[in-house]
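The values are calculated or read from the model by the stated rules, or taken from the named source; none is laboratory data. Computed from a predicted structure; not experimentally measured. FYI the Cβ positions are ideal-geometry reconstructions off the backbone, even for glycines, and counts take in every protein chain you see.
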């Protein structure tokens, strides 16, 4: 779920016997990591915080932020079946904890389940997976049979052979933990990774109610008033609200991205961890790029980097950063949620992309039914899934606490822009990419060819009759808006001695080149386009429109003049 880092140094309490540095992507098993002699960014104190915390703990975090690796670490520390904990945890921060933590090493029976792959088209397939998962779980604990009475043995075998009734299946967590405690003489740890995966999938597939009816009794029986439990720990993406699988639990501890408590630095990488990682992999000079692209998440009061993306960035030989997180998983829930929104939220979504502030009331619960029509629920959902960052707090006129929301980094700007485009923009003109290419590459000839062709195809003389210059300005702005992930787009903003029609400021000059200043003109059919093009370029210089570029740290810029004459467009670059 996160990363493997193999190297020869002892740093951050990480131990290795390797003679070279390598990174392996996607391994989330703590044993595999340690037995290969590697080291990981030491999150072993996650275990200590679990042991110091409440009996039942729910830990929602975005995808690919280390949930499964942390749960694997916890399992291998607690599990009484593991004989080599000393070797697995040697040199890690956890081993410096007090006796009240370390005395639980290798002491407890453990029930470990991941629901990550419980994703099916219908309730029948989910039910079958549930049956088979319980059969596997009971099969892994076959040693209990020697200590059960006749009726218990019959029930055990029914569950192991997938022949048990629904009632017995739904109480199987309680049943198994009760037997494990009685046989082993120690309370049981129940660890469930990606607990909400079946619900998220069921919601997108349209059978959420049936999924809840199937799984809620199983969770409730196993986790509510179960006297055999030592710890119950669940990870997922969301804290599910009204549809909760945990309704009625006795005061569980829920550490979300808004209220992380002692877990705020236990998922994802901190600034110090990323600094050391990039230094050890020969990229200390690229820390600023890493900040721009992968930093910016806030869990509680701690700023966190996306570990999946940072790992790829450290390993890659590509001179430019990329959006790695976009391809990590099925983002259908995010897309469906955006696509389901009405027009009233489109301006806010576009505003976030362009750097404008949006404020919202947030809560820690996710109610699937509300996402499609309640703006605050959508914003809360996007925060918890890792697509938006929470900023400052303020009270609105009703006295409610609101939060400023923004895009955390350039990777998320690219991903978010893609979602917005998919949800709200459906351009049929196949030359759009060529138009955007012309803007990016400062290619006036290409821009005139493609934009001019589109203008001739779709614009009527009636459209431009009243105010042709304003029309072409808006027409071009609609095209440029597709580049808001690359450029800060400013229209009619004061700069120098006047107002530039449009300025595109690169968000990262090392990748996107110089600022671009556009001046739009409209002429009659008997006027000379070249004269007006020249005049427009001279106006950019005379009125010092480049002052805005200098204020952003640029010493140079590219100037474009765009002249409309009837249904023809003429474009020239200085």
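Condition check ((1) surrounded by fewer than 23 Cβ atoms within 10 Å (Cβ to Cβ); (2) in the same structural domain as residue 379 (by TED's automatic domain parsing); (3) at pLDDT below 90; (4) in a strand (DSSP E or B)) across all residues:
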site: 218; (1), (2), (3), (4): yes, no, no, no
site: 251; (1), (2), (3), (4): yes, no, yes, no
site: 259; (1), (2), (3), (4): yes, no, yes, no
site: 309; (1), (2), (3), (4): no, no, no, no
site: 317; (1), (2), (3), (4): yes, no, yes, no
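Only one of the numbered conditions (1) outside any loop (DSSP other than H, G, I, E, B); (2) modelled with pLDDT of 90 or more is not met by residue 42, and that is (1). If you go through region 175-205 and pick out every residue that is without any contact (Cβ under 8 Å) to a residue 24 or more places away in the chain and part of a strand (DSSP E or B), you end up with 0.
Is it the case that residue 186 is at positive phi and touching a strand residue (DSSP E or B) at 6+ places or on another chain (Cβ under 7 Å)?
Numbers: at positive phi: no; touching a strand residue (DSSP E or B) at 6+ places or on another chain (Cβ under 7 Å): yes.
Judged against the criteria, residue 186 is not a match.
Of all residues in region 102-121, none that is outside the structural domain of residue 175 (by TED's automatic domain parsing) and assigned to a loop (DSSP other than H, G, I, E, B) has its Cβ atom under 8 Å from the Cβ atom of a residue that is at pLDDT 95 or above and surrounded by fewer than 21 Cβ atoms within 10 Å (Cβ to Cβ), 6 or more apart or on another chain.
Conditions: (1) over 30 Å from residue 73 (Cα atoms); (2) not in a helix (DSSP H, G or I). Residue 154 meets all but one. Number of the miss? Going through (1) over 30 Å from residue 73 (Cα atoms); (2) not in a helix (DSSP H, G or I) one by one, residue 154 breaks only (2).
Looking at 159, 137 in this structure, which one is under 34 Å from the mean Cα position of the chain (by Cα) and either surrounded by fewer than 16 Cβ atoms within 10 Å (Cβ to Cβ) or in a helix (DSSP H, G or I) (or both)? Spell out how you get there, then give the answer.
Numbers: 159 fails: under 34 Å from the mean Cα position of the chain (by Cα).
Within the list 159, 137, the selection yields 137.
Among the residues of region 283-307 satisfying the criterion of being outside any helix (DSSP H, G or I) and touching a helix residue (DSSP H, G or I) at 6+ places or on another chain (Cβ under 6 Å), which is nearest to residue 412 (Cα to Cα)? So the residue we want is 306.
Restricting attention to region 470-526, the residues that are free of Cβ contacts under 8 Å to residues at least 12 places away in the same chain and part of a loop (DSSP other than H, G, I, E, B) total 1.
Specify which of the listed residues (377, 404) is in contact with a strand residue (DSSP E or B) (Cβ under 9 Å, 6 or more places away or on another chain), part of a helix (DSSP H, G or I) and surrounded by 13 or more Cβ atoms within 10 Å (Cβ to Cβ).
None of the others qualify; the one that does is 377.
Scanning region 263-274 for residues that are surrounded by 16 or more Cβ atoms within 10 Å (Cβ to Cβ) and in a helix (DSSP H, G or I) returns 263, 273, 274. Selection within region 422-438: residues that are assigned to a helix (DSSP H, G or I), under 24 Å from the mean Cα position of the chain (by Cα) and surrounded by fewer than 16 Cβ atoms within 10 Å (Cβ to Cβ). The member of this set that is modelled with the lowest pLDDT is 424. For region 492-505, taking the residues that are in contact with a helix residue (DSSP H, G or I) (Cβ under 6 Å, 6 or more places away or on another chain) and at pLDDT below 90, the one that is farthest from residue 418 (Cα to Cα) is identified as 496.
Only one residue in 541, 551, 536, 481 is within 21 Å of residue 449 (Cα to Cα) and either out of contact with any strand residue (DSSP E or B) (no Cβ under 6 Å at 6 or more places or on another chain) or outside the structural domain of residue 449 (by TED's automatic domain parsing) (or both), so which one is that?
On the way: 541 fails: within 21 Å of residue 449 (Cα to Cα); 551 fails: within 21 Å of residue 449 (Cα to Cα); 536 fails: either out of contact with any strand residue (DSSP E or B) (no Cβ under 6 Å at 6 or more places or on another chain) or outside the structural domain of residue 449 (by TED's automatic domain parsing) (or both).
Of the residues listed, the single one that is within 21 Å of residue 449 (Cα to Cα) and either out of contact with any strand residue (DSSP E or B) (no Cβ under 6 Å at 6 or more places or on another chain) or outside the structural domain of residue 449 (by TED's automatic domain parsing) (or both) is 481.
Given the structure, is residue 63 out of contact with any helix residue (DSSP H, G or I) (no Cβ under 6 Å at 6 or more places or on another chain) and either farther than 28 Å from residue 308 by Cα or not assigned by TED's automatic domain parsing to the domain that holds residue 195 (or both)? Against the criterion (out of contact with any helix residue (DSSP H, G or I) (no Cβ under 6 Å at 6 or more places or on another chain) and either farther than 28 Å from residue 308 by Cα or not assigned by TED's automatic domain parsing to the domain that holds residue 195 (or both)), residue 63 does not qualify.
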